[in-house]
Structures are given as structure tokens and as C-alpha cells.
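FYI, it's all coordinate maths here, none of it is from the lab. All of these numbers come straight from a predicted model, not from anything done at the bench. Neighbour counts are summed over all protein chains in view; Cβ atoms, including those assigned to glycine, are modelled from backbone coordinates with ideal geometry.
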Amino acid sequence: MHPSDIPRVAAIDQAAYEFPWTAGIFDDCLRVGYSSWVAVSLAGRIDGYAMMSMAAGEGHILNVCVDPLMQRAGCGRQLVAHLLEIAATAELSIVYLEVRPTNAAALALYQQFGFSEIGRRPNYYPAADGREDAVMLAWEPTA
């Protein structure tokens with residue numbers, strides 16, 4: 001991901017989430033050097049993005065998002081696979097993430113990659129009727 005990608009990435013986030021990130025958050029993530037990637041179609045259009053922080057031998061997937069018009073076509077799977085390849089190459093011991101318990105598609109995808117539930121974060125996400133918990137997941141590379 002490059003700074004010039006932020007308007008499209010922010011537009012995808014706006015289309016996909018009720019409570020999207022701002023362009024400033026994406027800019028900050030790039031500025032501090034998070035592992036930030038875009039999925040580009042053969043037509044040259046950005047269809048999704050993924051961001052992961054890495055420090056002290058651990059990774060934290062901050063966001064994986066696909067344009068709602070392109071979901072269920074494998075883009076999210078490719079983005080997650082790419083992040084986990086980076087994690088394995090960097091010899092991270094574990095990768096964490098949070099996901100809404102109501103996001104069944106994301107939960108199923110992460111479970112297919114071997115993520116396991118390790119806990120809950122109460123009232124983590126904003127929701128239309130207040131707050132929603134987060135399911136905490138972890139992935140450990142196999143030797």
C-alpha cells in the first residue's frame with residue numbers, strides 16, 4: 001500500500017463498515033511502517049487491503065477488508081494468506097486479531113487458516129445499539 005492508495009482504501013472501508021477508519025488512520029499506519037497491502041485486480045483496481053503490525057516477535061492483524069462488491073471471490077483469503085506468509089518469514093511466534101462475533105464469514109475464514117479463539121474483549125467495537133464484543137483469535141505458525 002502506498003499513500004496514493006489511501007483514498008480508494010478508505011472508500012472500501014466506508015462501503016464495508018458501519019464504523020470505518022478515517023483516511024488519517026490509514027496514513028498513520030503507513031507512516032509508522034505497518035505491513036500494509038492492497039489486492040489489485042487484473043484491471044488495476046484495488047479490491048481490498050490488509051494491515052498488520054509486527055513487534056517483539058508477534059503480529060497483530062489490524063484489518064482485512066474487501067470491497068463489498070468483490071467479497072466471496074477469494075480476495076480476503078489471499079490477503080490473509082499473504083499476511084501469514086509475511087509472519088512466517090519474519091519468524092513471528094504468534095499472530096493475533098480481533099473480529100466481531102457477528103461476522104460469521106470472517107470467523108470461518110480465520111478458522112480455516114488455523115486461528116483459535118483465545119478470549120473476548122468486552123465492548124470492543126462500536127455498534128448501532130451501543131457496543132459489541134470482539135472475539136480474540138491467535139495463529140501460531142507450524143514448525
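In region 14-45, which residues are of a type in the set (A, V, I, L, M, F, W, C) and either assigned to a helix (DSSP H, G or I) or more than 15 Å from the chain's Cα centre (by Cα) (or both)? Before the answer, list the steps.
We begin by selecting, within region 14-45, every residue of a type in the set (A, V, I, L, M, F, W, C); these are 15-16, 19, 21, 23, 25-26, 29-30, 32, 37-40, 42-43.
Passing the criteria: ALA15, ALA16, ALA23, ILE25, PHE26, CYS29, LEU30, VAL32, VAL40, LEU42, ALA43.
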Confirm whether LEU62 is free of Cβ contacts under 8 Å to residues at least 40 places away in the same chain and either in contact with a Gly (Cβ under 9 Å, 6 or more places away or on another chain) or surrounded by fewer than 16 Cβ atoms within 10 Å (Cβ to Cβ) (or both). no
What pairs come out if I take residues in region 102-118 that are more than 12 Å from ALA81 (Cβ to Cβ) and pair them with residues that are basic (Lys, Arg) whose C-beta lies under 9 Å away, six or more apart or interchain? ALA105/ARG72; ALA106/ARG100; LEU107/ARG100
How many residues does region 81-120 contain that are farther than 20 Å from GLN14 by Cα, under 13 Å from the mean Cα position of the chain (by Cα) and in a helix (DSSP H, G or I)? 7
Residue among ARG45, ARG100, ARG72 that alone is basic (Lys, Arg) and within 26 Å of GLY119 (Cβ to Cβ): ARG100
